[in-house]
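Beneath this line is the structure, given in structure tokens, with notes to follow.
What follows is calculated from the coordinates using simple rules that are stated; it is not laboratory data. All figures in this text were calculated on a predicted structure; none of them were measured in a lab. Positions of Cβ are backbone-derived with ideal geometry, glycine not excepted, and every protein chain shown enters the neighbour counts.
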């Protein structure tokens, strides 16, 4: 087990290097710092001097990989590649193009992101699985077909539409909860109820439908028939035999997302003005703040890879046939 | 028989497809199961025998519907019960064991948990009593160290042990009726024999009424007291087992019985002109382990195998699953890389050839696979399938000559020339196997490796395919390496036999000599497990 | 890209303008048609498609999807009208308008050119906002100004109801008449080639759907030229027109992104699964790396960087639409490049499975070359996965477009797209009283497309997935 985790961590290194190289190529080779300065400073009539100042200010004035102007180890370290890419491995994200420290921003904003994403995630899974199980109890009946039609309809509706309409009816017309905003601490719940509810409802269509397929697949397998032949009731078959077996594909889809919950939801957070990482990123994209986008790409990949490792570990717990080696 | 001894009776049972009620799956089927007796329902795939068993438990798939009939279990009409009452009959009064124990057991629960579940449902025992009873049951079905194995998961056990667990689970609540749906089909012959003996013993000791569903006349002969023959959803003949074998009434029954090969006529010798020589062949697969996935050890699939095949001769390579017989065949075809040893074809070494150098020899060695459903690309026409080898091996034939040959080959294997335009899924298993033979013959090989070519086929078709192979041999002087687990067909087909176990050949020689005076303990075990005319029913 | 072939179209002198996306979409539709025709050869595939179309639902949704694709294709034939000659201009020299039109614009008549000043409600005669008006008498009042186009053919405002009813009948009638004509032609054609061996498909369901679509289109075009059926947006553009123009964007993003996905996913997936060894390692490394970057972020970063490139090279594009089109194409590329991984993984796994099958082994024993094995034995047996994933991805991409537009990395605001319209609606709904029509037009068209595709893909999945095949058996 321990050796396995070590090995997975070792595998993660080349992948992170790959991610790093890819972002480096995207951000510094496809577009030179000069291009970025031009884009950032706006109109075309900006002076050459202003551009050079902007570049120097952001630390983009060094060579890409190798600096012949200094000596020793610094030939490699005082380069853009080292400063902007290698340092990410130490979670040293540097400053944003606005001049704020990215790491402290990220740490500050993780809380609100989690406060929204975690409940949405947990309630969402719970609701989806319950709905799917309920529908499965009536398998083959008219209710089942109707439910599937509802699922398909629900997943055909744009996510944005749920938010816009939800905000309109719940917050504006019936004034049950505030339209948007955020508050630290316990009384912040009033702000979170609506986005969580919308997030859960928007996910039911695709989620419940997926779980239903998984459950049907598992309940058609031989061991379910064996259980029925033993005299286990249909509900018992579902909960004691089908559910534990359907856990395996569910885990692959679900566990991998957990670490990424820290990243928050881009759209939810911006619609409901929640100061999390999602809205942070969205602001950065709209302000074309490349330093932040670069840092977040790296952070997202790290969290995803952690998710992959967690998935593997959870597998050993859910499936006795899997031994990690 | 007195009425008391009848445990369950099926009267005029009919089942049809829910969406087309005029397609009967079962048509007025009637039989009864008696205490302490095994009733064998025998028939080929698709004859409806499993449907009969599932109807008794009312566990038919949604697509099927019972249209008429009555099933009585000690005076209760099963079709009159509510689903809730039915749950207290399943597992308690009527239990069932299935063909493939590997998939029929829940992989995420321990063996103990699965047996305990039945006991919890149907008895009032407390936790400790249930566990004790479990261990007792496991011991009774012959699982060694039941105290330890009760906490094992199914995948940690062998196929035979898994089937024993299934049986223990079925017996847990002392049912009156046991339905056994092909309980030994997925097992090796030696294990099959043990399981059948276990079922027989338990039938007597527990006074069980057993329904044994099987396609294998050998199994019937070995275990059954009474027998019913099922054909296209109807029971065409039933009666006492001994009478049935002595005096079958229906043609079809006679065909089934005759599919049991006679073990006394052997093939004449051939003159020795060696064609293929295998010397000390070894194929090892690496096993990787640890932090850096270093090669930790090797699985020795084939470990020092030597034999020769002469021109026009058939060598049968016999062994149970996992003994390395298929890997040997693949190594000769150069589909598996050889670890050590030599393969000579006409005194030309094969295993050192590159892909390109091998090409001219590919014409000479061809293959027929076990599963006729996966051995042909479903998206190619039969004509294209047969033609592919001729084109890729560069036979000097024009397109029209190839067409002629395809038609001739199809006629040769007793199919119609027009069949070349059809697709594989339109043919039955036996027909597909003939197409596979035609495909192999298309490039005029000297040696055909037949990898269990008949074991996926129904018994009545097996003989036809084997006869076709024999005919072709005498006509074309082609040699066969006949890989099989079934000793019973060897006298009929093979000149010589090599018995394989754990990657090694333990015994080889003339077929008659090996089968009549087996020199090795393992050969004797295999022979003892073969159900034939000579194995007397009890 | 311009074709300098001037030609005459309904009396206009026009310059055909061919956008990159136009070429690609026609190429793609052609390729898919050829692919499907090639699949028909195999009776098993025919059987499966027959299963899809033998349900009424399959027939109806297919007709709806086809209607969308047809509109998108008509909207993909672009041209620029010649400007009326200005005085002092040489007679041979023709200047062309900077607005690029499409055949769809012709079909919709004047709908696209009837710009109001700002918001107006559906079928309204007056604007939504009060303005300072100068009465003929010189008096200034604050009132709702009369619209420039909407309902201005009426002599008397009280006639509106009657006029709408009359024109509705006219429009519906025109559409239905055309539909009936085409249906009867089709029915006769069917009769001619009818083979009694195969059971009939539920053509009636398809015809009814077709008739409804045609009637609806007839109604919308007739009324849309007289009124603003779905009102106007902030800039005074006709909402119905914008929603209809959004169809091309939606359909294109769904198909073009997959066009780019497919070759990468298929070639890498098969190579990894078939050759195994180091090729497999490399392919797995590439897709794990790509997967581990959050998709939205990778897309956002790439689009941003492409935007920077466009801004720094403004001379590259002649007209605004070409710039928007380049951006759109880049978006499709980026979506394609970031989303090939899941299909690749599926194909790799399936190839691994197939290459263990006996028929591939038999081909090896016949010395068939690797290329031929892949072409004849592996690729055809992967086609069901490719089809299923194509249909499934389509609806996901249409929905993704809206989200990306909201984030600001989607379609260029100059291009009509449902995403852009829904995004605007979020603020419009919060006005007092709310402006709902902008949302509804885009939402309805998008919903119908995505729903049809989802329902259709369910049927395709049922017919082609071996797992569900087993279940049915």
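Between region A:102-170 and region C:96-121, the alpha-carbon centres lie 39 Å apart. Averaging the sequence gap over all C-alpha pairs within less than 8 Å and six or more residues apart, then dividing by the number of residues, gives chain B a relative contact order of 16 percent. Determine the shape class of chain B: with a ≥ b ≥ c the square roots of the Cα gyration tensor eigenvalues, call it rounded for a/c under 1.5, and otherwise prolate if a/b is greater than b/c, oblate otherwise. In terms of gyration-tensor shape, prolate. Between residue A:86 and residue A:13, residue separation times 0.36 nm minus the direct Cα-Cα distance comes to 25.0 nm.
Which angle between 0 and 90 degrees, to the nearest 10, do you get for helix C:160-193 versus the longest principal axis of chain C when only C-alpha atoms count? Computed tilt is about 30 degrees.
Using the rule -39500 (n - 2.57) for each DSSP H run of four or more residues, divided by the residues of the protein assembly as shown, the 222 nm mean residue ellipticity is -17000 deg cm²/dmol.
Taking 12 Å as the cut-off, the amide N atoms of region B:398-432 that come nearer than this to a point 7 Å along the Cα-to-beta-carbon line of residue C:47 belong to B:423-428. Spacing of the modelled spin labels on residue B:426 and residue B:132, each 7 Å from Cα toward Cβ, amounts to 6.7 nm.
Between region A:219-259 and region C:391-458, the alpha-carbon centres lie 37 Å apart.
Give the calculated FRET efficiency between residue B:455 and residue B:85 to the nearest 0.05, with a Förster radius of 45 Å applied to their Cβ-Cβ distance. So, using R0 = 45 Å, E works out to roughly 0.60. How would chain A be classified by its alpha-carbon gyration tensor: rounded, prolate or oblate, with rounded meaning a/c under 1.5 and the a/b versus b/c comparison settling the rest? In terms of gyration-tensor shape, oblate.
In this simple spin-label approximation, residue A:180 and residue B:280 carry label points 7 Å from Cα along the Cα→Cβ vector, and these lie 8.1 nm apart.
A simple spin-label model places pseudo-atoms 7 Å from Cα toward Cβ; at residue B:197 and residue B:391 they are separated by 5.5 nm. Here region B:462-496 is scanned for amide nitrogen atoms under 12 Å from the site 7 Å beyond the Cα of residue B:414 along Cα-to-Cβ, giving B:462-472.
For the pair residue A:143 and residue C:26, a Förster radius of 60 Å applied to the C-beta separation gives a FRET efficiency near 0.85, rounded to the nearest 0.05. For chain C, the relative contact order works out to 18 percent when only alpha carbon pairs closer than 8 Å and six or more residues apart are counted. Between the Cα long axis of helix C:239-275 and the first principal axis of chain C there is an angle of about 10°, rounded to the nearest 10. If one takes the longest principal axis of the Cα atoms in chain C, at what angle in degrees, from 0 to 90 and to the nearest 10, does the Cα axis of helix C:203-224 lie? The angle comes out at about 30 degrees. According to the calculation over all Cα-Cα pairs in the protein assembly as shown, the P(r) per 20 Å bin from zero is 8, 30, 34, 21, 7, 1, 0 %. Given R₀ = 25 Å, FRET efficiency for residue B:204-residue B:240 by Cβ-Cβ distance, to 0.05? With R0 = 25 Å, the Cβ-Cβ based efficiency is 0.90. Stretching the chain fully between residue A:321 and residue A:287 yields a gain of 7.2 nm (0.36 nm per residue, less the alpha carbon separation). You can think of it this way: the chain between residue B:190 and residue B:399 has 70.2 nm of extra reach, that is 0.36 nm per residue less the Cα-Cα gap.
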